[in-house]
Amino acid sequence: MPKHPKNVISWRKPFTLFLGIVLAAMLVVIAHPASAGALTIRSATLTTPGWSTPIEVSAASDSPITKITARLRLSNSGEPFATVEDFALVSGTVTDGVWRTTQPVTLKMGLTDIGVEVTDASGATVTRQSAGRFDLRGTTRFSEVSISPSTLDADHDTVTYAGQLLVYDGLVSREVGVPGATICLNLNGACVGYGTTDSEGRFSSRAHLYIRGSDTNMIEGDAYASYSGGPQYFRADSTRSHLKVRTQQTRLSVGFSSLPKVIGTTVLVKGRLERKKADGQWTGAAGQDVTIYAYDPDPDNGKWIDFGKAHTRSDGSYSKSVVVPQAGQWFVDFSAPPILNRDGVYVLGPYASSSGGFKDVVYSSYRTSFSRFTMSPNPAGKGAQITANAVLTRRTATGAAVPVKTGYVDLQFSKDKKHWSPAGQSTPGANGQLKIRATAVSSGYWRLLFRSLGDDRNLESVSAIAHATVKYRTAISSLNAKPEPVHKGKTITVSGVLKRYTSAWHPLKAKVNIYFRAHGSKTWSYVGAAAPDIHGKWHKGFKARKDGTWMAKYPGTSVYLPATSAQDYVDVR
């Protein structure tokens, strides 16, 4: 057993003096008359200082007290460590007095409760579980405490603390080790590790400090071993050792699965957060949060877009899927702000902050598209106008379609869908609407091509392909139904001229259908057909029955467009 240190005497004597004063004060007993018919236990006290002392009990009853039993137990124990019954009256009377044990009782270190049971001549018994409580806990102290290493970083995050916890034992008059005590390594006011003393009060434990994103207990400050005390011993702290934290530099990279050029598409932003070790080598910083930003340098509406955080993996890599906004520059940031320690001082943690940006400016643009694209009329007459109709929109980052109001749209024509030639041009209207006219020359394919102005962030786009058939135009001219008026039952002759247009108008020798609609009716009825001569002229007679209107139609072919004549009304009398 180690020798008792000289400086222990300096605190042991005051403790003994203090205990003596407390016990002397307990010797003063003020007698109180018992209530009628009452058996009362007033108190239980220790009479002399030291670890061996008689016990006194003050009690009263209306019948002579015949037996007193005292049980001493530590507050953390259910079983008494001493039971005494050898009480003798030392003052007062057998109905109201003070009784003392004839032999001293050996005490134990700790919070001690004295339970008392009293019986009087009437056979009544009263028990008081704690007629007196005495704080006889031992004063502890730490010895030979070491805390190492004195400097920590992300690669050296384990602290070893060792030493011995001692208490002065008055029964043997020397310091002894405190066994089974839980020892905390306190850093900046928080326990970062726990250990347990052996049978001699010695301990040697390791505390692993953590770095969990912005949450860490690796903070520069004072460290010390701490014992929180218990039912037998007072608490104690060791002397303090200052622990330093070596802050490591960090660096960030950023890239993409594909360049973020198209607004509304999804890309994977990825990169790596690295830290510089004590040996100068760079390695991944795991378990950290990296914030991803984009900046839109639009001179009229420049703004920052925050995409939130990505968590680094074990090798320091990170990735996050984002929807591309209107932007031009991309950045990442790792924030490691100073930490307020227990002493109210801001100190750096295990990592320093860093930021990074993509090496190039990548202006994102809107994807444009055409909808409701048609060519009309279809079929169209050769040499006549044909009109393209469509709506031009662009897709935003939210997926909404908004009109495109700037730029140029070309109407293009192709016979084989391979070689395209311009046929017309226009600009979009306020709602993105388009109407472009061209001359129908031959059957073939049509499409629209949007060309951006360059500063409107709109991508070029091509519409779907529409096919339009072109045929020779035809016409029925000089329609006449005569005579007019005509008598009922007489003949009405309907005549006209059928012609076609190639490079000029020429007669067309093809069947013409004739229709009649009676006055007051909405329905046309087929009444016959006529065959033109080589000059395109035709006529056909019908018996006059009702007032009505006459009309002729040419149905058309794969080469010629159909034609409809004017109408002629005849009054039948």
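The values are calculated or read from the model by the stated rules, or taken from the named source; none is laboratory data. Since we're looking at a predicted model, the values are computed, not measured. A quick note on method: Cβ atoms are made from the backbone with ideal geometry, for glycine too, and the neighbour counts reach across all protein chains shown. Accessible surface is based on the protein model in full, side chains and every heavy atom, while ligands, DNA and RNA are left aside. Shrake-Rupley method; radii C 1.70, N 1.55, O 1.52, S 1.80 Å.
Worth pointing out:
- The C-alpha radius of gyration of the chain, expressed as a fraction of 2.2 N^0.38 Å, stands at 2.22.
- When the solvent-accessible area of segment 102-187 is split by element, carbon and sulfur atoms take up 46 percent of it, the probe being 1.4 Å.
- Proximal lysines relative to Lys309, as straight alpha-carbon distance under 25 Å, when same-chain residues fewer than 8 apart are discounted: Lys261, Lys270, Lys276, Lys277, Lys320, Lys359
- Modelled FRET efficiency - R0 41 Å, Thr265 with Ala286, Cβ distances, 0.05 increments: 0.85
- Once you reduce segment 395-429 and segment 502-517 to the center of their Cα atoms, the two points are 39 Å from each other.
- Segment 258-286 and segment 132-177 have Cα centres spaced 47 Å apart.
- In a simple Cβ point-charge model (Lys, Arg +1; Asp, Glu -1; nothing else charged), segment 259-315 has a dipole of about 300 debye relative to its Cα centre.
- For a straight C-alpha distance cut-off of 12 angstrom, the aspartates and glutamates reachable from Lys511 (same-chain residues fewer than eight places away being disregarded) are Asp533.
- Each 10 Å bin from zero up to the one holding the largest Cα-Cα distance in segment 368-508 carries the following percent of pairs: 11, 31, 22, 14, 10, 8, 4, 1.
- Dipole of the chain [Lys/Arg +1, Asp/Glu -1 at C-beta], most positive-end residue of Ala154, Ile339, Phe516: Phe516
- Note on Ser426 and His519: with the Förster distance fixed at 35 Å, the Cβ-Cβ geometry gives a FRET efficiency of about 0.15.
- Sum of side-chain charges, Gly180 neighbourhood, beta-carbon under 13 Å (Lys, Arg +1; Asp, Glu -1): -1
- Straight-distance crosslink candidates among aspartates and glutamates, where the alpha carbon sits under 15 Å from Lys405 and sequence neighbours closer than 8 are dropped: Asp455, Asp456, Glu460
- Estimated 222 nm signal from helices in the chain, with DSSP H stretches of n ≥ 4 weighted -39500 (n - 2.57), rounded to 500: -1000 deg cm²/dmol
- For the residue pairs Lys522/Lys546; Lys509/Lys540; Lys382/Lys537, the C-alpha atoms sit more than 20 angstrom apart in Lys382/Lys537.
- Once the Cα atoms are used to define both axes, helix 8-26 deviates from the longest principal axis of the chain by about 80 degrees.
- Test item: Cα-centred dipole of segment 490-573, Lys/Arg +1 and Asp/Glu -1 on Cβ, debye: 200 debye
- Accessible surface, per residue, of the chain when the full set of protein chains is kept, probe 1.4 Å, Å²: 51 Å²
- Since only Thr493, Pro179, Thr48 are under comparison, the one whose Cα sits farthest along the positive direction of the charge dipole of the chain, derived from C-beta charges on Lys, Arg, Asp and Glu, is Thr493.
- Protection proxy ranking, peptides 284-290, 422-428, average beta carbon neighbours within 10 Å, highest first: 284-290, 422-428
- Taken over the C-alpha atoms, segment 142-267 has Rg and Dmax values of 22.2, 85 angstrom.
- Listed residue (Pro532, Ser204, Tyr293) projecting farthest to the positive dipole end of the chain, Cβ model: Pro532
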